[in-house]
Every structure is written in C-alpha cells, then in structure tokens.
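The values are calculated or read from the model by the stated rules, or taken from the named source; none is laboratory data. These numbers come from a predicted model, not from an experiment. Cβ coordinates were reconstructed from backbone atoms using ideal geometry, including for glycine residues, and neighbour counts include every protein chain displayed. Side chains are part of the model used for accessible areas, which takes the heavy atoms of the whole protein and leaves out ligands, DNA and RNA. Shrake-Rupley method; radii C 1.70, N 1.55, O 1.52, S 1.80 Å.
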Amino acid sequence: MTQITARSTGFSFQLARSAAVIGTAVLGLWSAQAQAAEVSVAVAANFTAPMKKIAAEFEKDTGHKAELSFGATGKFYAQINNGAPFGILLAADDTTPEKLAKEGKGVADSRFTYAIGTLVLWSPKAGYVDDKGEVLKSGDYKHIAIANPKLAPYGTAAMEVLNKQGLTAQVQPKVVMGENIAQTYQFAASGNAQLGFVALSQVMENGKIREGSAWQVPANMHEPIRQDAIVLNGAKDNEAATALMKYLRSPKAHDIIRSYGYSF
C-alpha cells in the first residue's frame, strides 16, 4: 500500500512539472505574439526586390511584420494626403519625405537616406545596349520606356540625361511613358519598347545584370537619386515602425541593398 502511494505521488509531481513547462511555453508564445507589431509601408517601385527580402529577414529577426505596398512616390504622396493609413514611406526621392515633414504629416527627425539609386539604360536583348549608351544617338529603336518624370524620380533623372546629351527632341517622339518605374521596366522587358531607362535594382541581382544588356549611367549625368525614408504621423508610436527604421540601417539590410546596385 505504501509503495502504491509513493508511485502515485511521483506521478502527480511529474504531471505538475509537465503542466508548468507547458504553461511557461504557452505564456512565452503569447508574450511574443503580444509584443509583435505590424506596420504598413509604402515602398517606391524601384525598391521592390530588396524590400521583399528585407521584410522577410526583419520578421524573422524581430517578430514584427512589415505590410508592403509598391508604387510611384508621387501617387503615394497623394494617397497620404488623402488619409491612406501608411506608417512608413520609403520614397524614390528625398524631396517627398521632406515635404511631408514640413507639412506636418511625417516625423521630421525620423527621416534618413536609406539608399542612393542608380539609373541604367537597359534592353532584354543581349548586346543591344553598348557600355556607353551610344544606342541612344543611333536611333535604331522604335520605342524607349521612361517613367513619368512628374511622378517618378527615375523618370526625372532619365530626362536630365537626355537633356545633357542634347537628345531630348530626337528621343521624345519615341518615348513610351510608364506610370512608375515598375511599369517602365515591364514595357522594356515585354518588348513593347526596345530599351528603357530603369533602376539598376530591377535588372541586377547578386552584383550582376540578370539578362540582356545595359549602360550604367554615370552619376554626374543627373542629380543624385537619394531615396529617403520617413515615419508618418500615424505610426510615430508604432513599435514595428521604429524597429524597421532601425533595421534598414543594419549591416544585414545594407548587404541586401548593395546586392541590388544601390549605394549609401
């Protein structure tokens, strides 16, 4: 009888200890979920590929989630003015975040340059674009894709290049205008335009052009494409927003950004 009681007591102890371990694990999981936050991020179209990778790593490393939307910076600005609930803007320029800060729609001291973009003249056809961009002068193409300079900073940079080369009048009739840099890339990639001015990040991966041929436009041919980030007022107390802005400055994020041809 004594032996049975001892076994029963031991079993009860083991059961209680197991319950305590399970309870601690559940509490830890609940705590982690309670601490995780989410932020809605408006991302310039040229930064699509690197930001998808960064967001995945960010969630793995912090538990926080970045909900991404991609598009033209000019359109995002209009949407923010109309009350769109974005928490962070990763713009394709530095003027839009500055404007939002001055207008009281963004947190001024959160603004920083997360990347400097590179413009390329690109064709999906190997050997079509030479390494000095002389194809622009030859006129041996029916259409060239350029992003709308009123909405997309890469489009503004492309027009600056044409102006500097004295080719605006010659090229203008052949321009197929994209709403943003993503659509501009699609025009060229699909063959609707034989070549296009796009972001290096769209055609580069792991330090190499994925396909086709390209001329990397010298930086002195246009104003620097400084791409700034800013926290918008609705997310000034959002933990995920604060964490993501810090994460974008991390060595891991910088390695990803560099691999797509950006600089700092």
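Please verify whether the range 161-171 includes one or more residues that are more than 28 Å from the chain's Cα centre (by Cα), modelled with pLDDT of 95 or more and assigned to a loop (DSSP other than H, G, I, E, B).
yes
For the range 77-95, give me each residue that is open to solvent by 10 Å² or more (accessible area, probe 1.4 Å) and either assigned to a loop (DSSP other than H, G, I, E, B) or of a type outside the set (Gly, Ala, Ser) (or both).
Residues satisfying the conditions are Tyr77, Gln79, Ile80, Asn81, Asn82, Gly83, Ala84, Pro85, Phe86, Asp93, Asp94, Thr95.
What is the one condition in (1) among the hydrophobic types (A, V, I, L, M, F, W, C); (2) over 19 Å from Phe58 (Cβ atoms); (3) within 15 Å of the chain's Cα centre (by Cα) that Ala229 does not satisfy?
Checking Ala229 against (1) among the hydrophobic types (A, V, I, L, M, F, W, C); (2) over 19 Å from Phe58 (Cβ atoms); (3) within 15 Å of the chain's Cα centre (by Cα), the one that fails is (2).
Can you say whether Leu162 is crowded, with 17+ Cβ neighbours inside 10 Å, without any contact (Cβ under 8 Å) to a residue 40 or more places away in the chain and hydrophobic (A, V, I, L, M, F, W, C), as far as the supplied structure shows?
Yes; evaluated as a whole, the condition is true for this residue.
Does the range 254-263 contain any residue that is open to solvent by 60 Å² or more (accessible area, probe 1.4 Å) and either in a loop (DSSP other than H, G, I, E, B) or touching a helix residue (DSSP H, G or I) at 6+ places or on another chain (Cβ under 7 Å) (or both)?
No, there is no match, as no residue in the range 254-263 is open to solvent by 60 Å² or more (accessible area, probe 1.4 Å) and either in a loop (DSSP other than H, G, I, E, B) or touching a helix residue (DSSP H, G or I) at 6+ places or on another chain (Cβ under 7 Å) (or both).
Which residue is farthest from Gly139 (Cα to Cα), if the candidates are limited to the range 182-214 and must be in a helix (DSSP H, G or I) and of a type in the set (Ser, Thr, Tyr)?
Ranking the qualifying residues of the range 182-214, first place goes to Ser201.
Can you name every residue in the range 93-151 that is of a type in the set (D, E, K, R) and in contact (Cβ under 8 Å) with a residue 60 or more places away in the chain?
Asp93, Asp94, Glu98, Lys105, Arg111, Lys125, Asp130, Asp131, Lys132, Lys150
Only one of these conditions is not met by Val176: (1) within 30 Å of Glu57 (Cβ to Cβ); (2) assigned to a strand (DSSP E or B). Which number is it?
With respect to (1) within 30 Å of Glu57 (Cβ to Cβ); (2) assigned to a strand (DSSP E or B), Val176 is out only on (1).
Check whether at least one residue in the range 175-192 is of a type in the set (S, T, N, Q), crowded, with 21+ Cβ neighbours inside 10 Å, at pLDDT 95 or above and out of contact with any His (no Cβ under 8 Å at 6 or more places or on another chain), and report yes or no.
Taking every residue of the range 175-192 in turn, at least one turns out to be of a type in the set (S, T, N, Q), crowded, with 21+ Cβ neighbours inside 10 Å, at pLDDT 95 or above and out of contact with any His (no Cβ under 8 Å at 6 or more places or on another chain).
For the list (1) part of a helix (DSSP H, G or I); (2) modelled with pLDDT under 95; (3) among the small types (Gly, Ala, Ser); (4) open to solvent by less than 60 Å² (accessible area, probe 1.4 Å), I need the number of the one condition that Ala56 fails.
Unmet condition: (2).
Go through Leu151, Leu244 for me and flag whichever is part of a loop (DSSP other than H, G, I, E, B) and within 18 Å of Val43 (Cα to Cα).
Residue meeting the stated conditions: Leu151.
What do you reckon, is Arg17 part of a helix (DSSP H, G or I) and modelled with pLDDT under 50?
The answer is no for Arg17.
Looking only at the range 130-159, filter to residues that are hydroxyl-bearing (Ser, Thr, Tyr) and under 26 Å from the mean Cα position of the chain (by Cα); which one of those is least open to solvent (accessible area, probe 1.4 Å)?
Tyr154
Restricting attention to the range 113-129, which residues are open to solvent by 50 Å² or more (accessible area, probe 1.4 Å), over 15 Å from Val198 (Cβ atoms) and not hydroxyl-bearing (Ser, Thr, Tyr)?
Passing the criteria: Ala126, Gly127.
How many residues are buried (at least 21 other Cβ atoms within 10 Å of the Cβ) and within 30 Å of Gly104 (Cβ to Cβ) when one looks only at the range 199-236?
8
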